[in-house]
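Have a look at the structure below, then the notes.
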Amino acid sequence: MATEPAPQRAWRAACPNCGAPVDFASAASAFAVCSFCKSTVVREGDALRRIGESAELFDDHSPLQLGASGTYQGAAFTLVGRVQYRYEGGTWNEWHALFDAGDGASKSGWLSEDNGRYVLAFDLPLGGPAPAADSLQVGAQVLVAGRAWSVASVSAARLTAAQGELPATPVLDKGFIVSDLRNTRGEVGTLDYGNPAAVKWSVGRPVAISELRMTGLVDGSGGSGGISEKTLKARGVECPSCGAALEVKLASTQSIVCHQCHAVVDVSKGVGGDLAHYAQANRGEPLIPLGTTGSLALTRGTPLPWQVVGYVERCEVAATADDEQSFWREYLLYHRTEGFAFIIDAQDGWSWSAPITGVPEKVGENVRLDGALYRKLYDYTGKVTYVLGEFYWQVTRDQRTFNSDYKGTGAAAAKRLNREMTGSGADSEIVWSSGEQLAADAVIKAFRLAPDKSAAFQRDALPTVLNGSSILVKLLFWAFVIVVLLMLFRCGGGSSGTSDCADTRATFGEASQEYQNCLANNRSGSSGGGIRSGGGSFGGYSSGGGHK
(Lines give C-alpha, C1' and ligand atoms only; values in the text may rest on other atoms or scores of the structure.)
Protein backbone atom coordinates (compact mmCIF):
# COMPACT_ATOMS: atom_id res chain seq x y z
CA MET A 1 0.00 0.00 0.00
CA ALA A 2 1.39 3.42 -1.00
CA THR A 3 2.34 5.81 1.77
CA GLU A 4 2.26 9.59 1.82
CA PRO A 5 5.64 11.05 0.70
CA ALA A 6 7.60 12.50 3.60
CA PRO A 7 7.69 16.31 3.84
CA GLN A 8 11.07 17.94 3.26
CA ARG A 9 10.33 21.26 4.94
CA ALA A 10 8.36 22.35 8.03
CA TRP A 11 7.29 25.75 9.35
CA ARG A 12 6.75 25.82 13.11
CA ALA A 13 5.96 28.31 15.87
CA ALA A 14 5.38 27.88 19.60
CA CYS A 15 1.84 28.62 20.72
CA PRO A 16 2.04 31.79 22.86
CA ASN A 17 -0.82 30.52 25.03
CA CYS A 18 0.30 27.00 25.95
CA GLY A 19 3.74 26.58 24.36
CA ALA A 20 2.77 23.61 22.21
CA PRO A 21 4.31 23.49 18.72
CA VAL A 22 2.03 24.79 15.96
CA ASP A 23 2.81 23.68 12.41
CA PHE A 24 2.07 25.75 9.31
CA ALA A 25 1.37 24.02 5.98
CA SER A 26 3.68 26.36 4.08
CA ALA A 27 5.51 29.66 4.24
CA ALA A 28 2.42 31.29 2.73
CA SER A 29 0.08 30.17 5.51
CA ALA A 30 -1.15 33.25 7.35
CA PHE A 31 -2.45 31.61 10.51
CA ALA A 32 -3.02 28.24 12.18
CA VAL A 33 -4.96 26.93 15.18
CA CYS A 34 -3.11 25.24 18.04
CA SER A 35 -4.25 21.61 18.20
CA PHE A 36 -3.75 21.57 21.99
CA CYS A 37 -5.45 24.71 23.34
CA LYS A 38 -7.23 25.84 20.14
CA SER A 39 -5.67 29.32 20.24
CA THR A 40 -5.21 31.03 16.88
CA VAL A 41 -1.56 31.68 16.04
CA VAL A 42 -0.95 34.35 13.42
CA ARG A 43 2.27 34.99 11.54
CA GLU A 44 3.61 38.50 11.99
CA GLY A 45 6.33 40.68 10.55
CA ASP A 46 7.63 41.02 7.01
CA ALA A 47 7.02 37.38 6.13
CA LEU A 48 3.26 37.97 6.16
CA ARG A 49 3.27 41.46 4.69
CA ARG A 50 5.35 40.29 1.73
CA ILE A 51 2.89 37.59 0.71
CA GLY A 52 1.75 38.35 -2.83
CA GLU A 53 4.50 40.95 -3.31
CA SER A 54 7.78 39.15 -2.69
CA ALA A 55 8.71 35.70 -1.47
CA GLU A 56 10.28 34.89 1.85
CA LEU A 57 14.02 34.24 1.54
CA PHE A 58 14.73 30.51 1.84
CA ASP A 59 18.16 30.93 3.42
CA ASP A 60 18.30 28.07 5.94
CA HIS A 61 17.56 25.00 3.84
CA SER A 62 20.91 23.22 4.10
CA PRO A 63 21.15 19.90 6.00
CA LEU A 64 24.90 20.51 6.44
CA GLN A 65 26.49 21.23 9.80
CA LEU A 66 29.92 21.22 11.40
CA GLY A 67 31.19 17.71 12.04
CA ALA A 68 29.32 16.13 9.13
CA SER A 69 31.57 13.89 7.05
CA GLY A 70 31.61 12.14 3.70
CA THR A 71 33.78 10.97 0.82
CA TYR A 72 34.61 12.46 -2.57
CA GLN A 73 36.49 10.51 -5.25
CA GLY A 74 37.58 8.02 -2.59
CA ALA A 75 38.93 10.66 -0.17
CA ALA A 76 37.32 11.20 3.23
CA PHE A 77 36.50 14.70 4.45
CA THR A 78 34.90 16.44 7.42
CA LEU A 79 33.15 19.82 7.53
CA VAL A 80 35.14 21.85 10.05
CA GLY A 81 34.17 25.46 9.25
CA ARG A 82 31.52 27.63 7.62
CA VAL A 83 31.32 31.15 6.23
CA GLN A 84 28.16 32.93 5.12
CA TYR A 85 28.11 35.69 2.53
CA ARG A 86 25.40 38.16 1.62
CA TYR A 87 24.80 39.91 -1.69
CA GLU A 88 21.87 41.95 -3.01
CA GLY A 89 19.77 38.92 -3.91
CA GLY A 90 20.23 36.88 -0.73
CA THR A 91 22.85 34.75 1.02
CA TRP A 92 24.99 31.69 0.40
CA ASN A 93 27.09 29.39 2.58
CA GLU A 94 30.51 27.85 2.03
CA TRP A 95 31.61 24.94 4.18
CA HIS A 96 35.30 24.30 4.81
CA ALA A 97 35.84 20.62 3.99
CA LEU A 98 39.05 19.17 5.41
CA PHE A 99 40.31 16.14 3.45
CA ASP A 100 42.64 13.43 4.66
CA ALA A 101 45.41 13.54 2.07
CA GLY A 102 47.35 10.66 3.66
CA ASP A 103 50.60 10.58 5.69
CA GLY A 104 49.01 12.87 8.23
CA ALA A 105 48.60 15.66 5.66
CA SER A 106 45.34 17.49 5.01
CA LYS A 107 43.83 19.40 2.12
CA SER A 108 41.12 22.07 2.14
CA GLY A 109 38.07 22.17 -0.11
CA TRP A 110 34.86 24.20 -0.17
CA LEU A 111 31.37 22.71 -0.32
CA SER A 112 29.31 25.67 -1.52
CA GLU A 113 25.70 26.42 -2.43
CA ASP A 114 25.17 27.06 -6.13
CA ASN A 115 21.68 28.03 -7.34
CA GLY A 116 20.04 25.79 -4.78
CA ARG A 117 22.42 22.91 -5.44
CA TYR A 118 26.01 22.21 -4.37
CA VAL A 119 29.52 22.58 -5.80
CA LEU A 120 32.72 21.12 -4.34
CA ALA A 121 35.61 23.42 -5.21
CA PHE A 122 39.34 23.64 -4.54
CA ASP A 123 41.63 26.65 -4.53
CA LEU A 124 44.06 26.65 -7.47
CA PRO A 125 46.91 28.91 -8.63
CA LEU A 126 45.97 31.38 -11.37
CA GLY A 127 49.25 30.92 -13.18
CA GLY A 128 49.08 34.49 -14.41
CA PRO A 129 47.35 37.83 -13.82
CA ALA A 130 43.62 37.83 -13.08
CA PRO A 131 41.31 39.91 -15.27
CA ALA A 132 40.44 43.25 -13.70
CA ALA A 133 37.13 43.10 -11.82
CA ASP A 134 35.73 46.13 -13.66
CA SER A 135 36.51 44.50 -17.01
CA LEU A 136 34.22 41.51 -16.44
CA GLN A 137 30.91 41.62 -18.32
CA VAL A 138 28.14 39.08 -17.68
CA GLY A 139 27.77 36.83 -20.73
CA ALA A 140 31.23 37.62 -22.09
CA GLN A 141 33.97 35.05 -22.72
CA VAL A 142 37.22 35.39 -20.77
CA LEU A 143 40.48 33.47 -20.55
CA VAL A 144 41.45 32.50 -16.98
CA ALA A 145 44.26 30.13 -16.03
CA GLY A 146 44.72 29.28 -19.70
CA ARG A 147 41.11 28.14 -20.28
CA ALA A 148 37.97 29.72 -21.77
CA TRP A 149 35.12 30.63 -19.42
CA SER A 150 31.76 32.38 -19.69
CA VAL A 151 31.07 35.09 -17.10
CA ALA A 152 27.87 34.12 -15.25
CA SER A 153 27.79 36.81 -12.57
CA VAL A 154 29.69 39.72 -11.05
CA SER A 155 28.44 40.63 -7.59
CA ALA A 156 29.26 42.85 -4.65
CA ALA A 157 29.29 40.69 -1.51
CA ARG A 158 30.38 40.74 2.12
CA LEU A 159 31.21 38.11 4.72
CA THR A 160 28.55 38.24 7.46
CA ALA A 161 29.28 35.18 9.63
CA ALA A 162 32.06 32.68 10.30
CA GLN A 163 32.10 29.48 12.33
CA GLY A 164 34.55 26.70 13.18
CA GLU A 165 38.02 26.19 11.70
CA LEU A 166 38.99 28.21 8.63
CA PRO A 167 42.20 28.28 6.55
CA ALA A 168 42.44 32.09 6.82
CA THR A 169 41.30 34.79 9.22
CA PRO A 170 37.79 35.95 8.20
CA VAL A 171 37.21 39.69 7.73
CA LEU A 172 33.58 40.35 8.59
CA ASP A 173 31.39 42.93 6.85
CA LYS A 174 34.07 43.98 4.38
CA GLY A 175 32.69 44.40 0.88
CA PHE A 176 34.39 42.78 -2.11
CA ILE A 177 33.70 41.74 -5.70
CA VAL A 178 33.20 38.09 -6.58
CA SER A 179 32.60 36.64 -10.05
CA ASP A 180 31.32 33.22 -11.07
CA LEU A 181 32.55 31.77 -14.35
CA ARG A 182 31.20 28.64 -16.04
CA ASN A 183 32.42 26.44 -18.89
CA THR A 184 31.18 23.75 -21.26
CA ARG A 185 32.71 21.01 -19.05
CA GLY A 186 30.14 21.66 -16.32
CA GLU A 187 32.61 23.44 -14.07
CA VAL A 188 32.23 26.65 -12.08
CA GLY A 189 35.20 28.92 -11.45
CA THR A 190 35.26 31.72 -8.88
CA LEU A 191 37.35 34.87 -8.82
CA ASP A 192 37.44 36.40 -5.32
CA TYR A 193 38.66 40.02 -5.35
CA GLY A 194 38.66 40.37 -1.53
CA ASN A 195 42.36 41.17 -1.83
CA PRO A 196 42.88 42.81 -5.27
CA ALA A 197 46.63 42.30 -4.96
CA ALA A 198 46.18 38.53 -4.55
CA VAL A 199 42.97 37.45 -6.28
CA LYS A 200 41.80 33.99 -5.20
CA TRP A 201 40.84 31.43 -7.84
CA SER A 202 38.90 28.20 -7.26
CA VAL A 203 37.35 25.60 -9.57
CA GLY A 204 34.57 23.20 -8.65
CA ARG A 205 32.13 20.65 -10.03
CA PRO A 206 28.51 19.93 -9.10
CA VAL A 207 27.87 17.29 -6.43
CA ALA A 208 24.81 15.83 -4.74
CA ILE A 209 24.78 15.35 -0.98
CA SER A 210 23.58 11.77 -1.52
CA GLU A 211 26.60 11.04 -3.74
CA LEU A 212 28.98 12.16 -1.01
CA ARG A 213 27.68 9.47 1.36
CA MET A 214 27.50 11.99 4.15
CA THR A 215 26.79 11.23 7.78
CA GLY A 216 26.15 13.53 10.71
CA LEU A 217 23.79 15.85 8.86
CA VAL A 218 21.23 18.01 10.68
CA ASP A 219 18.85 15.89 12.81
CA GLY A 220 21.39 13.06 12.70
CA SER A 221 19.56 11.75 9.66
CA GLY A 222 22.44 10.73 7.43
CA GLY A 223 21.85 11.43 3.79
CA SER A 224 18.12 10.87 3.34
CA GLY A 225 15.89 11.30 6.37
CA GLY A 226 14.70 14.20 8.48
CA ILE A 227 13.26 17.53 7.42
CA SER A 228 14.41 21.11 7.26
CA GLU A 229 12.55 23.19 9.83
CA LYS A 230 12.12 26.93 10.03
CA THR A 231 11.03 28.53 13.28
CA LEU A 232 8.45 31.26 12.74
CA LYS A 233 7.64 34.28 14.84
CA ALA A 234 4.00 34.21 15.82
CA ARG A 235 1.51 35.64 18.31
CA GLY A 236 -1.92 34.74 19.59
CA VAL A 237 -4.94 36.90 18.77
CA GLU A 238 -6.43 37.67 22.15
CA CYS A 239 -9.45 39.72 23.14
CA PRO A 240 -8.06 42.87 24.81
CA SER A 241 -11.10 42.93 27.07
CA CYS A 242 -11.25 39.39 28.50
CA GLY A 243 -8.21 37.58 27.06
CA ALA A 244 -10.17 34.92 25.18
CA ALA A 245 -8.52 33.41 22.12
CA LEU A 246 -10.07 34.83 18.96
CA GLU A 247 -10.11 32.77 15.77
CA VAL A 248 -9.82 34.93 12.67
CA LYS A 249 -11.37 32.78 9.96
CA LEU A 250 -11.46 35.17 7.00
CA ALA A 251 -8.54 36.92 5.33
CA SER A 252 -10.72 40.03 4.82
CA THR A 253 -11.60 40.45 8.51
CA GLN A 254 -11.25 44.06 9.72
CA SER A 255 -12.88 43.58 13.12
CA ILE A 256 -14.04 40.61 15.17
CA VAL A 257 -16.58 40.22 17.99
CA CYS A 258 -15.37 38.28 21.02
CA HIS A 259 -17.46 35.13 21.51
CA GLN A 260 -17.03 35.39 25.28
CA CYS A 261 -17.48 39.06 26.26
CA HIS A 262 -18.89 40.36 22.94
CA ALA A 263 -16.33 43.15 22.70
CA VAL A 264 -15.70 44.43 19.15
CA VAL A 265 -11.97 44.13 18.40
CA ASP A 266 -10.43 46.24 15.62
CA VAL A 267 -7.74 44.26 13.78
CA SER A 268 -7.63 46.42 10.64
CA LYS A 269 -4.16 47.81 11.39
CA GLY A 270 -2.63 44.50 12.37
CA VAL A 271 -3.55 41.01 11.35
CA GLY A 272 -6.69 42.01 9.46
CA GLY A 273 -4.86 44.53 7.29
CA ASP A 274 -2.18 42.05 6.31
CA LEU A 275 -4.66 39.30 5.54
CA ALA A 276 -6.87 41.62 3.53
CA HIS A 277 -3.86 42.50 1.37
CA TYR A 278 -3.16 38.80 0.90
CA ALA A 279 -6.72 38.19 -0.33
CA GLN A 280 -6.56 41.06 -2.85
CA ALA A 281 -3.18 40.02 -4.23
CA ASN A 282 -4.30 36.56 -5.32
CA ARG A 283 -7.66 35.62 -6.81
CA GLY A 284 -7.09 31.87 -6.51
CA GLU A 285 -4.93 29.24 -4.89
CA PRO A 286 -2.14 27.36 -6.74
CA LEU A 287 -3.31 24.13 -8.37
CA ILE A 288 -0.70 22.32 -6.25
CA PRO A 289 -1.04 23.63 -2.68
CA LEU A 290 2.12 24.93 -1.03
CA GLY A 291 3.50 22.45 1.49
CA THR A 292 2.32 19.46 -0.57
CA THR A 293 4.84 16.66 -1.13
CA GLY A 294 4.89 14.45 -4.24
CA SER A 295 7.13 11.68 -5.53
CA LEU A 296 8.74 12.52 -8.89
CA ALA A 297 11.78 11.32 -10.85
CA LEU A 298 13.44 14.60 -11.79
CA THR A 299 17.10 15.58 -11.48
CA ARG A 300 18.50 12.09 -10.80
CA GLY A 301 15.94 9.97 -12.66
CA THR A 302 14.96 8.29 -9.38
CA PRO A 303 11.59 8.98 -7.67
CA LEU A 304 12.16 11.25 -4.68
CA PRO A 305 9.80 13.20 -2.40
CA TRP A 306 9.70 16.82 -3.59
CA GLN A 307 7.87 19.44 -1.55
CA VAL A 308 6.24 22.56 -3.02
CA VAL A 309 7.74 25.52 -1.15
CA GLY A 310 7.22 28.41 -3.58
CA TYR A 311 4.78 29.54 -6.25
CA VAL A 312 5.10 32.35 -8.81
CA GLU A 313 2.92 33.59 -11.67
CA ARG A 314 4.58 35.24 -14.67
CA CYS A 315 3.66 36.80 -17.98
CA GLU A 316 5.58 37.68 -21.10
CA VAL A 317 6.06 41.43 -21.51
CA ALA A 318 4.71 42.49 -24.89
CA ALA A 319 7.01 44.75 -26.89
CA THR A 320 4.04 46.36 -28.70
CA ALA A 321 0.26 46.37 -28.30
CA ASP A 322 -0.08 43.90 -31.19
CA ASP A 323 2.32 41.32 -29.77
CA GLU A 324 0.94 38.06 -28.46
CA GLN A 325 1.58 37.17 -24.83
CA SER A 326 2.28 34.00 -22.90
CA PHE A 327 1.41 33.26 -19.29
CA TRP A 328 2.84 30.60 -17.04
CA ARG A 329 3.10 29.47 -13.44
CA GLU A 330 6.06 27.93 -11.62
CA TYR A 331 6.25 25.78 -8.51
CA LEU A 332 9.56 25.67 -6.62
CA LEU A 333 10.24 22.15 -5.33
CA TYR A 334 12.60 21.28 -2.50
CA HIS A 335 14.31 18.04 -1.54
CA ARG A 336 16.50 18.11 1.52
CA THR A 337 19.62 16.56 -0.02
CA GLU A 338 19.01 17.12 -3.76
CA GLY A 339 18.29 20.84 -3.53
CA PHE A 340 15.70 22.56 -5.72
CA ALA A 341 13.82 21.99 -8.97
CA PHE A 342 10.86 23.61 -10.71
CA ILE A 343 7.57 22.48 -12.21
CA ILE A 344 6.36 24.84 -14.93
CA ASP A 345 2.67 25.07 -15.88
CA ALA A 346 2.44 26.80 -19.26
CA GLN A 347 -0.12 27.15 -22.03
CA ASP A 348 1.42 24.35 -24.07
CA GLY A 349 1.86 21.86 -21.23
CA TRP A 350 3.75 20.97 -18.08
CA SER A 351 7.49 20.51 -17.68
CA TRP A 352 10.17 20.36 -15.01
CA SER A 353 13.52 22.09 -14.86
CA ALA A 354 16.57 22.58 -12.66
CA PRO A 355 19.65 24.86 -12.93
CA ILE A 356 22.84 23.37 -14.37
CA THR A 357 26.35 24.25 -13.25
CA GLY A 358 28.06 24.74 -16.60
CA VAL A 359 27.03 26.33 -19.90
CA PRO A 360 26.18 24.67 -23.24
CA GLU A 361 28.39 25.04 -26.28
CA LYS A 362 27.26 27.63 -28.82
CA VAL A 363 26.48 26.39 -32.34
CA GLY A 364 25.44 29.55 -34.17
CA GLU A 365 21.99 30.48 -32.81
CA ASN A 366 21.66 27.01 -31.32
CA VAL A 367 23.50 25.27 -28.47
CA ARG A 368 24.83 21.80 -27.69
CA LEU A 369 24.75 20.10 -24.28
CA ASP A 370 25.86 16.55 -23.44
CA GLY A 371 26.12 15.77 -27.16
CA ALA A 372 22.54 16.84 -27.99
CA LEU A 373 21.72 19.80 -30.23
CA TYR A 374 19.10 22.28 -28.96
CA ARG A 375 17.45 24.64 -31.44
CA LYS A 376 16.62 28.16 -30.34
CA LEU A 377 12.91 28.94 -30.11
CA TYR A 378 12.35 32.39 -28.63
CA ASP A 379 13.80 35.41 -26.85
CA TYR A 380 11.41 37.16 -24.49
CA THR A 381 11.09 39.22 -21.32
CA GLY A 382 9.17 37.78 -18.39
CA LYS A 383 7.53 39.64 -15.51
CA VAL A 384 6.46 38.36 -12.09
CA THR A 385 2.77 39.09 -11.42
CA TYR A 386 2.32 37.19 -8.13
CA VAL A 387 4.49 35.19 -5.74
CA LEU A 388 3.90 33.01 -2.67
CA GLY A 389 6.06 31.02 -0.29
CA GLU A 390 9.85 30.79 -0.11
CA PHE A 391 12.61 31.05 -2.72
CA TYR A 392 16.37 30.76 -2.34
CA TRP A 393 16.83 34.16 -3.97
CA GLN A 394 14.83 37.36 -3.66
CA VAL A 395 11.71 37.37 -5.84
CA THR A 396 9.46 40.44 -6.02
CA ARG A 397 6.34 41.36 -7.91
CA ASP A 398 7.00 43.06 -11.29
CA GLN A 399 10.55 41.66 -11.30
CA ARG A 400 11.73 41.12 -14.89
CA THR A 401 13.92 38.46 -16.47
CA PHE A 402 15.35 38.13 -19.98
CA ASN A 403 15.03 34.63 -21.38
CA SER A 404 15.79 32.37 -24.31
CA ASP A 405 14.15 28.96 -24.81
CA TYR A 406 15.73 26.01 -26.64
CA LYS A 407 14.20 22.70 -27.72
CA GLY A 408 16.11 19.45 -28.02
CA THR A 409 16.41 17.53 -31.29
CA GLY A 410 16.57 13.82 -32.13
CA ALA A 411 16.59 11.60 -29.06
CA ALA A 412 16.49 14.74 -26.89
CA ALA A 413 13.28 16.08 -28.50
CA ALA A 414 11.40 16.10 -25.16
CA LYS A 415 14.15 18.07 -23.42
CA ARG A 416 14.38 21.83 -23.02
CA LEU A 417 16.99 24.43 -22.10
CA ASN A 418 16.45 27.93 -20.79
CA ARG A 419 18.91 30.80 -20.56
CA GLU A 420 17.87 33.50 -18.14
CA MET A 421 19.43 36.82 -17.29
CA THR A 422 18.37 38.61 -14.12
CA GLY A 423 19.28 42.04 -12.85
CA SER A 424 21.23 44.64 -14.77
CA GLY A 425 24.69 46.09 -14.88
CA ALA A 426 27.07 44.91 -12.17
CA ASP A 427 24.33 42.95 -10.38
CA SER A 428 23.21 40.85 -13.35
CA GLU A 429 23.51 37.08 -13.58
CA ILE A 430 23.01 34.40 -16.25
CA VAL A 431 21.69 30.97 -15.30
CA TRP A 432 21.13 28.00 -17.60
CA SER A 433 18.50 25.40 -16.71
CA SER A 434 17.70 21.99 -18.14
CA GLY A 435 14.60 19.82 -17.98
CA GLU A 436 11.91 18.10 -20.02
CA GLN A 437 8.21 17.79 -20.64
CA LEU A 438 5.99 16.36 -17.93
CA ALA A 439 2.53 14.84 -18.35
CA ALA A 440 -0.29 16.57 -16.45
CA ASP A 441 -1.53 13.21 -15.20
CA ALA A 442 1.92 12.49 -13.76
CA VAL A 443 1.75 15.73 -11.74
CA ILE A 444 -1.74 14.90 -10.43
CA LYS A 445 -0.68 11.38 -9.47
CA ALA A 446 2.59 12.48 -7.85
CA PHE A 447 0.93 15.00 -5.54
CA ARG A 448 -2.14 12.82 -4.88
CA LEU A 449 -4.56 15.47 -6.06
CA ALA A 450 -8.28 14.78 -6.37
CA PRO A 451 -9.41 13.27 -9.71
CA ASP A 452 -11.93 16.08 -10.17
CA LYS A 453 -8.99 18.49 -10.58
CA SER A 454 -7.83 16.75 -13.76
CA ALA A 455 -9.59 19.15 -16.14
CA ALA A 456 -7.84 22.14 -14.58
CA PHE A 457 -4.42 20.58 -15.31
CA GLN A 458 -4.93 19.88 -19.01
CA ARG A 459 -3.06 22.23 -21.34
CA ASP A 460 -3.39 20.43 -24.70
CA ALA A 461 -6.96 21.41 -25.67
CA LEU A 462 -6.53 22.37 -29.33
CA PRO A 463 -9.20 22.89 -32.04
CA THR A 464 -7.74 20.04 -34.10
CA VAL A 465 -8.77 17.46 -31.52
CA LEU A 466 -12.43 18.45 -31.65
CA ASN A 467 -15.09 16.72 -33.72
CA GLY A 468 -18.80 17.24 -34.32
CA SER A 469 -19.84 14.29 -32.18
CA SER A 470 -18.16 15.53 -28.99
CA ILE A 471 -20.31 18.23 -27.42
CA LEU A 472 -18.54 17.86 -24.08
CA VAL A 473 -15.13 18.41 -25.63
CA LYS A 474 -16.42 21.54 -27.39
CA LEU A 475 -17.74 22.91 -24.13
CA LEU A 476 -14.42 22.23 -22.42
CA PHE A 477 -12.55 23.92 -25.28
CA TRP A 478 -14.61 27.10 -25.11
CA ALA A 479 -14.29 27.14 -21.33
CA PHE A 480 -10.52 26.99 -21.85
CA VAL A 481 -10.70 29.91 -24.30
CA ILE A 482 -12.63 32.02 -21.78
CA VAL A 483 -10.07 31.28 -19.06
CA VAL A 484 -7.21 32.29 -21.38
CA LEU A 485 -8.98 35.53 -22.33
CA LEU A 486 -9.33 36.38 -18.65
CA MET A 487 -5.62 35.70 -18.16
CA LEU A 488 -4.77 38.20 -20.88
CA PHE A 489 -5.77 40.98 -18.48
CA ARG A 490 -2.92 40.04 -16.14
CA CYS A 491 -0.01 42.18 -17.42
CA GLY A 492 -1.36 45.71 -17.98
CA GLY A 493 -2.88 48.61 -16.06
CA GLY A 494 -5.61 51.26 -16.23
CA SER A 495 -8.07 53.28 -14.19
CA SER A 496 -11.09 54.66 -16.09
CA GLY A 497 -14.55 53.08 -16.29
CA THR A 498 -16.65 51.48 -19.04
CA SER A 499 -19.68 49.24 -19.11
CA ASP A 500 -17.84 46.66 -21.24
CA CYS A 501 -15.89 45.61 -18.13
CA ALA A 502 -18.90 45.22 -15.81
CA ASP A 503 -18.61 41.42 -15.76
CA THR A 504 -14.91 41.58 -14.97
CA ARG A 505 -15.56 44.03 -12.15
CA ALA A 506 -18.30 41.81 -10.74
CA THR A 507 -16.01 38.77 -10.87
CA PHE A 508 -12.70 40.16 -9.62
CA GLY A 509 -13.65 43.43 -7.90
CA GLU A 510 -13.20 47.10 -8.78
CA ALA A 511 -9.66 47.26 -7.33
CA SER A 512 -8.48 44.11 -9.12
CA GLN A 513 -5.73 44.10 -11.73
CA GLU A 514 -8.05 42.19 -14.10
CA TYR A 515 -10.62 45.01 -14.02
CA GLN A 516 -7.99 47.74 -14.43
CA ASN A 517 -6.48 45.91 -17.40
CA CYS A 518 -9.90 45.54 -18.99
CA LEU A 519 -10.40 49.28 -18.74
CA ALA A 520 -6.97 49.95 -20.24
CA ASN A 521 -7.60 47.56 -23.13
CA ASN A 522 -10.92 49.22 -23.91
CA ARG A 523 -9.35 52.67 -23.92
CA SER A 524 -6.57 51.57 -26.28
CA GLY A 525 -8.87 49.55 -28.54
CA SER A 526 -6.59 46.55 -28.15
CA SER A 527 -8.11 43.12 -28.68
CA GLY A 528 -5.92 41.70 -25.91
CA GLY A 529 -3.59 39.70 -28.13
CA GLY A 530 -3.49 36.02 -28.83
CA ILE A 531 -1.76 32.99 -27.40
CA ARG A 532 1.78 32.02 -28.27
CA SER A 533 2.58 28.68 -26.73
CA GLY A 534 6.28 29.30 -26.92
CA GLY A 535 8.01 32.15 -25.13
CA GLY A 536 7.64 31.59 -21.42
CA SER A 537 6.42 28.06 -21.91
CA PHE A 538 9.59 26.73 -20.36
CA GLY A 539 11.82 28.35 -17.81
CA GLY A 540 11.44 32.07 -17.58
CA TYR A 541 11.92 31.81 -13.84
CA SER A 542 14.60 33.61 -11.93
CA SER A 543 16.97 30.97 -10.68
CA GLY A 544 18.94 33.88 -9.24
CA GLY A 545 21.61 33.89 -6.64
CA GLY A 546 24.48 31.70 -7.64
CA HIS A 547 26.65 30.46 -4.83
CA LYS A 548 28.35 33.83 -5.18
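Numbers for the structure displayed
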read-out	value
Subset of region 393-437 that is among the acidic types (Asp, Glu) and surrounded by fewer than 21 Cβ atoms within 10 Å (Cβ to Cβ) - its residue that is nearest to Leu377 (Cα to Cα)	Glu436
Residue that is nearest to Val359 (Cα to Cα) [pool: residues in region 420-460 that are without any contact (Cβ under 8 Å) to a residue 24 or more places away in the chain and not in a helix (DSSP H, G or I)]	Ser424
Pick from region 294-318, criterion in contact with a Ser or Thr (Cβ under 8 Å, 6 or more places away or on another chain) and aliphatic (A, V, I, L, M), ranking: surrounded by the most Cβ atoms within 10 Å (Cβ to Cβ)	Val309
Thr337 being out of contact with any strand residue (DSSP E or B) (no Cβ under 8 Å at 6 or more places or on another chain) and β-branched (Val, Ile, Thr)	yes
Region 79-104 - residue that is within 21 Å of Arg158 (Cβ to Cβ) and of a type in the set (Val, Ile, Thr) and, of those, modelled with the highest pLDDT	Val83
Residue match in region 71-78 (condition: part of a strand (DSSP E or B), at pLDDT 90 or above, surrounded by fewer than 17 Cβ atoms within 10 Å (Cβ to Cβ) and touching a helix residue (DSSP H, G or I) at 6+ places or on another chain (Cβ under 9 Å))	yes
Residue in region 119-128 that is closer than 22 Å to Leu166 by Cβ and at pLDDT below 90 present	no
Strands (runs of 3 or more DSSP E) wholly inside region 138-224 that include at least 1 residues being in contact with a helix residue (DSSP H, G or I) (Cβ under 8 Å, 6 or more places away or on another chain), among the small types (Gly, Ala, Ser) and more than 27 Å from Gly70 (Cβ to Cβ)	147-164, 175-182
Given (1) free of Cβ contacts under 8 Å to residues at least 40 places away in the same chain; (2) small (Gly, Ala, Ser); (3) in contact with a strand residue (DSSP E or B) (Cβ under 6 Å, 6 or more places away or on another chain), index of the condition Gly389 fails	(1)
Test: residue in region 282-299 that is without any contact (Cβ under 8 Å) to a residue 24 or more places away in the chain and assigned to a strand (DSSP E or B)	yes
Among the residues listed as Trp352, Trp328, the single one being of a type in the set (Phe, Trp, Tyr) and within 17 Å of Val395 (Cβ to Cβ)	Trp328
Number of positions in region 387-419 that are modelled with pLDDT of 85 or more, hydroxyl-bearing (Ser, Thr, Tyr) and not in a strand (DSSP E or B)	1
Single residue of region 336-354 satisfying the filter (surrounded by fewer than 23 Cβ atoms within 10 Å (Cβ to Cβ) and under 25 Å from Leu111 (Cβ atoms)) that is farthest from the chain's Cα centre (by Cα)	Ala354
Residue count for region 379-390, restricted to those that are under 21 Å from Arg416 (Cβ atoms) and surrounded by 18 or more Cβ atoms within 10 Å (Cβ to Cβ)	4
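The values are calculated or read from the model by the stated rules, or taken from the named source; none is laboratory data. Predicted model, so just to flag it, every value in this text is computed and none were measured. Using ideal geometry, Cβ is built from the backbone for each residue, glycine included, and neighbour counts are taken over all protein chains shown.
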